[in-house]
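**Q** There's a structure below that I have some questions on.
The values are calculated or read from the model by the stated rules, or taken from the named source; none is laboratory data. These numbers were taken from a predicted model, which means no experiment stands behind them. Note that we place each Cβ from the backbone using ideal geometry, even for glycine, and neighbour counts take in every protein chain shown. Quick note on the areas: whole protein, heavy atoms, side chains included, nothing else; ligands and nucleic acids left out. Shrake-Rupley method; radii C 1.70, N 1.55, O 1.52, S 1.80 Å.
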Amino acid sequence: MESGQVEAIAKKYGVSTQDAAFKAELCDLYARYVYSVLPPGDEDLKGSEVQAIIKFKRALGLDDVDAANMHMEIGRRIYRERLETSDRDADMEQRRAFQKLIYVSNLVFGDQSAFLLPWKRLFGVTDSQIDIAMRENAKSLYLSQLKSIGRGLDIGTLIDVRRAQLAYKLSDEIATEMFREHAKKLVEENVSSALDILKSRIPDSLSQAVEEVNIVIKFNSLLTTLSKHPQADRFARGLGPISLGGEYDHDRRADDLKILYKAYATEVLSDGIVDDEKLAPLNELRNIFGLGKREAEGILSDVKSNIYRRTLAKAFNTELASVPSKAAYLQILCEKLQFDPELASKMHEEIYRQKLQQFVADGELSKEEVEALMAFQVRLCIPQETVDAAHTEICGQLFEKVVKEAIASVDGYDADRREAVKKAAQSLNLKKEAVMAIFSKASHSNGQVRKLFLSYIQRAKEAGNRIETAKELKKLISFNTVVVSELLADIKGELSPTAETEASSVTSESEGEDDEYEWESLETIRKTRPDKELKEKLRKSVQKEITLKDDIPLRDRTELYETYLMFCITGETTNVSFGTAISTKKDDSEFLMLKQLGDILGLTRKEAQAVHIKFTEKAFVQQAEVILADGKLTEAKADQLAKIQKQFGLPTENAQKIIKGITTTKLSSAIEASVARGQIGIQQVRGLKEANFQLDSLISEPLRESIYRKTVEEIFSSGTGDFDEEEVYVKVPADLIISAEKAKSIVQDIAKVRLENSLVQAIALLRQKKRDNVVSSLNDLLACDAAVPASQPLSWPTPGELDDLYAIYLKSIPKPEKLSRLQYLLGISNEKANKIRDAASEGTLPIAAAEEKEELTF
């Protein structure tokens with residue numbers, strides 16, 4: 001309908017368009033039309049409502065004010081219907097209807113809606129509620145527009161969608177988000193379809209799943225390309241690459257995405273060649289699936305690994321077997337597949353180990369199996385050390401089981417066990433070094449042999465006394481000789497027991513450093529070296545490979561060795577009647593067992609020797625201290641000690657050192673007592689030093705400082721007035737082994753105190769008329785001043801007495817420099833000093849007159 005048609009009808013019936021009644025009829029007609037155009041509350045807008053209402057308004061010729069009033073009237077109607085309903089669903093329906101009215105009305109009146117449509121004033125609606133109504137209805141309309149966009153992305157459609165967004169008054173931000181959500185849903189449809197195909201396991205499922213993934217990659221590439229189009233501003237907002245990462249259910253679906261990514265990579269790289277053309281879509285798919293770089297690299301590594309393994313399996317008996325350079329062939333495979341050579345090497349090792357485990361399942365390796373393993377080693381370029389390690393671990397487990405059974409057998413190491421061990425060592429094709437490593441397990445703390453060794457050690461430590469401890473250690477030695485050594489000899493398949501005993505004996509004699517032979521005179525060490533007769537008696541070979549060196553601290557091992565050494569010397573104690581005990585005599589074979597114990601404990605020759613030395617010196621010290629109880633070494637005592645030394649086999653130098661230590665200790669006690677009583681001064685100390693005594697071991701540092709302090713005090717009270725710095729600060733401290741800093745500190749402390757005391761003492765002597773003693777006190781004062789020069793004259797309440805002191809010192813005819821220094825210390829001016837000197841020359845000194853008077857009186 002056009003506005004001319006309305007005017008024609010009005011004219012036909014003689015009605016003016018400006019008539020109020022006619023205009024009211026038109027407004028009512030407009031209101032009913034608007035109400036009919038708006039869909040019910042539970043239906044969405046179709047998008048044509050705004051243009052239809054605008055066109056009808058123009059046809060009726062209504063101005064915006066009258067039309068806006070009708071929109072308000074419709075709002076009142078909806079508002080009343082909402083108030084009248086008591087049903088929650090109906091209330092929500094009316095609410096949505098009101099929101100649609102607000103949205104359509106605002107679009108109909110455009111910018112004038114702010115003052116033509118008083119929503120807030122009439123209905124109490126807030127700005128945020130109006131914004132919600134505008135946004136939600138715009139999103140609903142825009143969503144229907146997005147449904148027209150498929151994976152083809154027609155440019156015309158993208159432009160139309162952009163125009164619709166602007167017409168719907170939808171912000172770019174929301175439009176972008178909605179477009180990307182729509183694109184993600186399209187991608188997710190293909191992903192779900194691909195996963196369903198993969199899981200169905202139908203024929204050719206992998207190819208069909210890959211085709212779905214290619215659609216996703218193509219769609220994503222098109223989105224990326226269009227986002228960079230010169231006219232991208234005219235297109236719908238939100239163009240760009242898609243990523244499923246960050247979605248609320250991404251973590252749940254991550255495993256499925258990884259499976260699909262792996263399937264795609266497997267198909268793409270199935271020909272065994274990796275290049276940039278194949279990596280580009282893989283990287284794009286990684287971004288689409290939201291996989292981390294490390295995750296994707298891990299998946300690709302697994303895919304390459306599987307392809308590499310399949311390629312090896314196909315070429316193993318054909319191309320790989322015939323090519324002259326196996327390493328070059330394998331390198332080309334890795335380069336084509338961009339496969340890490342280190343991972344390839346690990347795979348080669350894994351393949352070899354699997355074959356080895358398969359072959360030894362029956363407990364032995366046949367000749368054909370050994371040759372097959374050699375083929376794997378050569379064709380896969382596996383290093384010999386890797387092969388040896390695999391045999392040691394895999395074959396070693398079987399061999400270890402046989403060895404454990406032999407060791408733990410209750411029947412002992414009999415012929416059957418011996419034959420089983422030999423057969424296992426030979427049939428498993430183990431190298432001698434591997435057999436030894438398996439047998440001892442020296443690098444592991446749970447080796448079977450060493451576990452048994454440690455059980456004996458534990459029982460020895462828990463024994464109640466030294467004898468019981470020695471008995472447990474003896475059991476350990478026997479177990480090592482009878483079981484372990486024989487078992488090891490069978491495994492090694494080497495020398496006969498007799499020959500090996502002789503060989504090991506020669507080797508042991510050649511062990512050690514040259515400087516250790518000076519201790520061979522020790523009686524206990526000599527007995528650990530068996531003579532020919534004892535060798536004939538003990539013809540069993542004893543192993544030295546398996547020790548407890550790394551299982552027990554050195555201190556504990558030496559204590560156990562010393563305990564058995566004591567047992568060898570004292571023998572076993574036997575209780576007899578009446579509470580008496582006697583020691584059983586032991587032969588020298590016990591000392592040979594001691595040597596074997598040292599080998600089991602992993603003691604070096606030097607460490608075992610140290611135990612013998614310590615033991616012998618301790619015994620010698622005990623007897624020497626009794627003989628030298630008074631600290632005096634007489635000729636008779638020296639002879640007695642020499643006999644004991646010879647009996648123990650102790651070198652003379654060590655015996656003399658012990659004797660000197662005892663006498664020095666006794667002398668030190670006596671000297672320190674004399675120092676405490678004040679009977680030893682610096683002269684006596686110098687005498688001890690000349691006699692080559694170690695002063696720091698004879699006299700403690702506090703006592704040496706006491707002697708130094710006494711020496712300094714004697715200098716400051718000598719009455720000479722002399723202070724020799726070299727003697728006090730250098731020579732005496734050196735004799736007493738006192739640091740120069742400490743010596744200077746002591747001198748300064750004493751001098752500061754005695755400086756004033758010497759003045760007081762001189763005044764007292766002056767008053768007692770002891771003039772000679774006055775001069776000595778003044779000399780002491782000058783000596784203290786020489787050590788610590790005074791910065792100002794000394795003070796005294798009666799200056800006249802100071803003048804008398806100066807006069808008395810002047811009369812003693814001192815050195816000029818001493819007299820001058822005393823003048824300064826006593827605070828006597830030059831004028832007064834000159835008067836005193838003049839009076840002395842004339843014999844008119846008051847002191848002199850007093851002396852003459854005393855003489856006349858006398």
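**Q** Please report, in Å, the Rg and the Dmax of region 220-320, where both are computed over Cα atoms only.
**A** 17.6, 63
**Q** Can you compute 3J(HN,Hα) from phi for each residue in region 300-306, using the Karplus curve 6.51 cos²θ - 1.76 cosθ + 1.60 with θ = phi - 60°, rounded to whole Hz and x for Gly and Pro?
**A** 4, 5, 5, 5, 4, 4, 5
**Q** Turning to a different aspect of this structure: Only loop residues by DSSP count here, and only those with at most 12 other Cβ atoms within 10 Å; note down the chymotrypsin sites (Phe, Trp or Tyr not before Pro) in region 172-278 that meet that.
**A** Passing both the DSSP loop test and the Cβ count: TYR248.
**Q** Among VAL210, VAL626, what's the order by accessible area (1.4 angstrom probe), most exposed first?
**A** Details: VAL210 15, VAL626 110 Å².
If we order VAL210, VAL626 from most to least accessible, we get VAL626, VAL210.
**Q** Now a separate question. Putting +1 on Lys and Arg Cβ atoms and -1 on Asp and Glu Cβ atoms, find which of GLY110, ILE149, ALA31 reaches farthest to the positive end of the dipole of region 23-158.
**A** Looking along the dipole axis, the top candidate is ILE149.
**Q** Which whole-number value in Å³ per residue fits the convex hull of the alpha carbons of region 163-294?
**A** With only Cα atoms used, region 163-294 gives 127 Å³ per residue.
**Q** Test of understanding: what is the full-extension gain from ASP42 to ILE54, defined as 0.36 nm times their sequence separation minus their Cα-Cα distance?
**A** Working: separation 12, 0.36 × 12 = 4.32 nm, distance 2.37 nm.
Here the answer is 2.0 nm.
**Q** Could you run the Karplus curve 6.51 cos²θ - 1.76 cosθ + 1.60 with θ = phi - 60° over region 828-842 and give me ³J(HN,Hα) per residue in whole Hz, x for Gly and Pro?
**A** Once θ is set to phi - 60°, the couplings for region 828-842 become 9, 6, 5, 5, 5, 5, 5, 4, 5, 5, 5, 5, 5, 5, 8 Hz.
**Q** Expressed in nm², what is the orientationally averaged projection area of the convex hull enclosing the Cα positions of region 67-189?
**A** Values: hull surface 37.2 nm².
Answer in nm², one decimal: 9.3.
**Q** Note down the accessible area of TRP796, probe 1.4 Å, to the nearest 10 Å².
**A** Roughly 60 Å² of TRP796 is accessible to a 1.4 Å probe.
**Q** Using 31 Å as the Cα-Cα cut-off, could you pick out the over-long pairs in LYS199/LYS278; LYS595/LYS646; LYS355/LYS451; LYS258/LYS314?
**A** Working: LYS199/LYS278 25 Å; LYS595/LYS646 23 Å; LYS355/LYS451 33 Å; LYS258/LYS314 28 Å.
Beyond 31 Å between Cα atoms: LYS355/LYS451.
**Q** Mind grabbing the accessible area of GLU385 for me, 1.4 Å probe, Å², rounded to tens?
**A** 130 Å²
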